[in-house]
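The values are calculated or read from the model by the stated rules, or taken from the named source; none is laboratory data. No experiment lies behind these values; they were computed from the predicted model shown. For neighbour counting, all protein chains shown are included, and Cβ atoms are generated from backbone atoms with ideal geometry for every residue, glycine included. All accessible areas refer to the heavy atoms of the entire protein, side chains included, with ligands and DNA or RNA removed. Shrake-Rupley method; radii C 1.70, N 1.55, O 1.52, S 1.80 Å.
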Amino acid sequence: MTTFLALETSCDETAAAVFTDDLTVLSSVVASQTDLHARFGGVVPEIASRAHLRNLLPVVDEALGRANVPLRDIGCVAVHNTPGLVGALLVGVSAAKALALGLGVPLVAVNHVASHIFACRLAAGRDIFPCVGLVVSGGHTALFRCDTALSLELLGGTRDDAAGEAFDKVAAILGLGFPGGPAVEREAAGGNPKAHAFPRTFIDDGRLEFSFSGLKTAVLYACHGQDVKRATPPPPGPRRADLAASFQAAVVDVLTMKCKQALRKTGLTRLAVGGGVSANKPLRAALQAMCVKEGAELLIPPLALCTDNAAMAALAVEKWKRSEFAPPDLDAEPN
Ligand code: KG4
Ligand code: ZN
């Protein structure tokens, strides 16, 4: 049995996890930097890198401690080296290289987006491939044909903003704080999703592509009229709740329709969904209802595995089995 230590520092969560080669997760620790970035209304890359530097070793110690595994028993080190903020990724990559070198064990590099899909495999506890994969996070909105855990073919992505980015920007417009997704979801619960007919870009279009920047602008104008420059966020009340609910409904409709089109186009009957936005309850309900109608199986991990974490880097086990090890000069690749 080989025990893995995995690191994740691609954006604003510093995370470490310990798991075994049979995909048993022994511990998963996530240190969020949300408080540090909140007053800027978004992730500040330089602050993220510095916070990773401070947090990483304590998080690794915590993960090893909770797993009750001494560092010397680690047989492989895994790290997300792409995509993400370059300075943030570099902290994890440098630490992982040092740990692997010091321990004299292999290093495996995995793709953060592929890991979000693999979180569904982890949660399911059984093989889920082939499937359609949807990754919806703050940095990504993309559909994949996933023949295996490691062979992902891009079916289509976003032309501009990612869905999570749209949630964060709309939260800023509505004065709901950061991170925006959970705040918009809470606000939307008290609103009318039909109050505003916001655009559902590409919804009737066969292309498996997304665009959310027009939707964000539509919310901005519905909120403030033409006077957007001097506008202050709307006060709490039904108007604000209606804007949040109508925005969320538009995102949910588009994501659900594109998943349906991807299932039909590929002929696959499983949909695996990952990334922070998949924590959204109305989205989960809409995808579930669509999958029932389409005769497809929906796989969405529990919330802790949806948002950024290092346990999902258990995808590294698949590479390790094939001896696909990273070179000692492994680099961080932002795109
Ligand atoms: O996967 P993730 O933790 O980090 C990235 O790789 O980006 O995703 C974070 C994104 C943020 O944009 C956040 O606002 C969004 O996921 N998010 C949500 C919810 N929880 C997090 N969006 C909608 N509803 C939620 N409940
Ligand atoms: Zn992510």
Item to check | Residues (of a type in the set (A, V, I, L, M, F, W, C), open to solvent by 10 Å² or more (accessible area, probe 1.4 Å) and under 13 Å from the mean Cα position of the chain (by Cα)) located in the stretch 251-279 | outcome: VAL277, ALA279
Item to check | Residues of the stretch 187-221 that turn out to be surrounded by fewer than 19 Cβ atoms within 10 Å (Cβ to Cβ) and more than 24 Å from CYS259 (Cβ to Cβ), as a count | outcome: 6
Checklist entry - When only residues in the stretch 59-78 that are part of a strand (DSSP E or B) and in contact with a Ser or Thr (Cβ under 7 Å, 6 or more places away or on another chain) count, which is most open to solvent (accessible area, probe 1.4 Å)? => result GLY75
Next on the checklist: Just to be sure before I move on: is ALA326 closer than 15 Å to ALA96 by Cβ and open to solvent by less than 60 Å² (accessible area, probe 1.4 Å) in the structure I sent?
Outcome noted: yes
Item to check | Within the stretch 162-186, considering residues that are near ligand 1 (Cβ under 8 Å from one of its atoms) and of a type in the set (D, E, K, R), the one surrounded by the fewest Cβ atoms within 10 Å (Cβ to Cβ) | outcome: GLU185
Checklist entry - Which of the residues spanning the stretch 84-140 are among the aliphatic types (A, V, I, L, M), under 23 Å from GLY180 (Cβ atoms) and open to solvent by 40 Å² or more (accessible area, probe 1.4 Å)? => result LEU85
